[in-house]
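Notes follow the structure.
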Amino acid sequence: MKTFISAAAFLVLAATSAQAQDAAAGEKVFKKCMACHAVGDGAANKVGPVLNGVIGRTAGTAADFNYSQGMKDAGAGGLVWNDETLGKYLENPKAFIKGNKMAFAGLKKEDERANVIAFLKTHSPQ
């Protein structure tokens, strides 16, 4: 019985992960971000930095963008954007990095955060 429960739990987690990594759905959610951020060919900084290559990048280091001191300090402290760190940031930007300039309240739904991250991965070297 214990093996069956473990197997069932694994299948549920695997299905959740597969569902939560939907780049096409993330592209739709990313529309909420487009007022301040751009991604893709020809993208330019807006109120927020270009997000091409954000996965694997040290926080506060995108070229030609004037970051808040809080974001610069986070990067200097070793913060690198990956699934985990970006997920926490996107949930509540102000709480995750004190003093950052991002006015957006965050994406409260876990699947939306995971999907946006999957979309951003399509614009980041692997």
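The values are calculated or read from the model by the stated rules, or taken from the named source; none is laboratory data. Remember, predicted model here, so these are calculated numbers, not experimental data. Surface areas here come from the heavy atoms of the whole protein model, side chains and all, with no ligands, DNA or RNA. Shrake-Rupley method; radii C 1.70, N 1.55, O 1.52, S 1.80 Å.
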Can you compute the radius of gyration and Dmax for the range 47-126, using only the Cα atoms, both in Å? 11.7, 31
So the carbon and sulfur contribution to the accessible area of the range 12-121, 1.4 Å probe, in percent, is 56
Amide H contacts under 5 Å for VAL80, placed H, 5+ residues apart: ALA59
Rounded to two decimals, the Debye log10 I(q)/I(0) of the range 40-88 (Cα scatterers, no solvent) at q = 0.16, 0.25 Å⁻¹ is -0.43, -1.00
